[in-house]
1. Identify all residues within region 156-202 that are within 22 Å of the chain's Cα centre (by Cα) and β-branched (Val, Ile, Thr); write none if there are none.
2. Yes or no: region 142-165 includes at least one residue that is more than 30 Å from GLY182 (Cα to Cα) and touching a residue at least 24 places away in the same chain (Cβ under 8 Å).
3. For residues that are assigned to a loop (DSSP other than H, G, I, E, B), in contact with an Asp or Glu (Cβ under 9 Å, 6 or more places away or on another chain) and either open to solvent by 20 Å² or more (accessible area, probe 1.4 Å) or over 20 Å from VAL190 (Cβ atoms) (or both), tally how many sit in region 88-108.
4. Being among the polar types (S, T, N, Q) and under 21 Å from the mean Cα position of the chain (by Cα) narrows it down to one of ASN28, ASN3, so name that one.
5. So is LEU160 open to solvent by 50 Å² or more (accessible area, probe 1.4 Å), in contact with a Phe, Trp or Tyr (Cβ under 9 Å, 6 or more places away or on another chain), of a type outside the set (Lys, Arg) and at pLDDT 95 or above or not?
6. Filter region 182-208 down to residues that are open to solvent by 70 Å² or more (accessible area, probe 1.4 Å) and closer than 16 Å to PHE146 by Cα, then give me how many there are.
7. Is it fair to say SER65 is within 18 Å of SER120 (Cβ to Cβ), touching a strand residue (DSSP E or B) at 6+ places or on another chain (Cβ under 9 Å) and not in a strand (DSSP E or B)?
8. Looking at (1) crowded, with 16+ Cβ neighbours inside 10 Å; (2) part of a loop (DSSP other than H, G, I, E, B), find the lone condition where ALA20 falls short.
Amino acid sequence: IINLGATIYIRNTIFLDIEAYGLRIEENGMARVWGSNFTNCLQDAVSVDSSIVSLELVNFEICGSSVVSDLSTIYLKRTVFTSIANPAIEVSSSSVWITDSNGFNVDGPYLHIKPNTGISTVDLLNTTMNEIIIEDGSIVREKYRFDVHVLKNDGEPAHLADVEIQGSDGKVQGQGLTDERGWIIDMELVKMVHNDTGSYSLDPHELSVLYE
């Protein structure tokens, strides 16, 4: 499927034994793919250029690369990569969010960020990649979720308490307001940062609460 500048929705579809690209999105196109499989794609399963693509509950198996992105915005959620010959995800000058995803038997790096006209930013939420290659000034942030419960001095829930968490770099890496029960559920916190000079843990984190 080749999409040039249009918007397409793909649901519960099997891409099987594809000699070229399974899905190619170009020229400010948009695509949302849900509950689909890409199996035995000889080249890149999904190729994106200057476009926006969302992939959820998508499985990639026995492909060249799963997703290749240039100058694009990519959202991957609950995605599985299995037996991928090249980098599972290859990006340049792109913004990428990867959530609740896993990879198995990936021959190349899980994520390869290549240089281009601009840097890339990649956020990994509850997603672990064993090997990441970054060739330019791009940044990868590993995040995880956790819950916060704030109580007042009298033991009652603190509604709308402002919770802020700083990493070891002194920067705010997570922030949110409590609900009427005093909870923040699934608060996102940056745990580690990767760039072209190395990988850096932001532990230990410091939590502060402002409540009036």
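The values are calculated or read from the model by the stated rules, or taken from the named source; none is laboratory data. Keep in mind the model is a prediction, meaning the values are calculated, not measured. Heads up, the Cβs are rebuilt from the backbone with ideal geometry, glycines too, and the neighbour counts pull from every protein chain shown. Accessible surface areas use protein heavy atoms only, side chains included; no ligands, DNA or RNA. Shrake-Rupley method; radii C 1.70, N 1.55, O 1.52, S 1.80 Å.
1. Matches in region 156-202: ILE165, VAL172, ILE184, ILE185, VAL190, VAL193, THR197.
2. So the first thing to find is which residues in region 142-165 are more than 30 Å from GLY182 (Cα to Cα), and the list is none.
Looking through region 142-165, none of the residues is more than 30 Å from GLY182 (Cα to Cα) and touching a residue at least 24 places away in the same chain (Cβ under 8 Å).
3. Of the residues in region 88-108, the ones assigned to a loop (DSSP other than H, G, I, E, B) are 88, 93-94, 100-101, 107-108.
Still in the list and also in contact with an Asp or Glu (Cβ under 9 Å, 6 or more places away or on another chain): 93-94, 108.
Retained after the next criterion (residues that are either open to solvent by 20 Å² or more (accessible area, probe 1.4 Å) or over 20 Å from VAL190 (Cβ atoms) (or both)): 93, 108.
So the answer is 2.
4. Just one listed residue meets the conditions, ASN28.
5. Criteria met by LEU160.
6. 8
7. Working: within 18 Å of SER120 (Cβ to Cβ): yes; touching a strand residue (DSSP E or B) at 6+ places or on another chain (Cβ under 9 Å): yes; not in a strand (DSSP E or B): yes.
For SER65, the condition - within 18 Å of SER120 (Cβ to Cβ), touching a strand residue (DSSP E or B) at 6+ places or on another chain (Cβ under 9 Å) and not in a strand (DSSP E or B) - is met.
8. (1)
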